[in-house]
Amino acid sequence: MSRLPDNQYAPPESWDKFESLVQELFREEWEDPDIQKNGRIGQPQHGVDVWGHQKKAPGISGIQCKDKDNYPQKKLTKKQVTDEVGKAQKF
């Protein structure tokens, strides 16, 4: 069961603010006070935008944020997921 309220929220004002929101969400979810954003916009990130350590999982875990405005009109494709997983495996 989700701990998030069943509400609709306006999208963040910018891409950077979205990544910060994801970072804060997973800081709580993974119980990792040291979770980090990976690089800055325009830098190679190897398929990982935010990374940290999940309390109940060994090693490093990564998150890829995708810019998909006007959900659900813009959809994430299987190829995009496969490409990002390939990059993340080299992180």
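Structure notes:
- Order by protection proxy (mean Cβ within 10 Å, highest first), peptides 17-27, 46-56, 77-87: 46-56, 17-27, 77-87
- Zone of Gln8's modelled label, taken as backbone nitrogen in the stretch 73-88 under 18 Å from a point 7 Å along Cα→Cβ: 73-74
- Projected-area mean, the chain, by convex hull of Cα positions, square nanometres: 7.2 nm²
Values in this text are rule-based calculations from the coordinates and carry no lab data. Quick caveat: nothing in here was measured; it's all calculated off a predicted structure. Note that we place each Cβ from the backbone using ideal geometry, even for glycine, and neighbour counts take in every protein chain shown.
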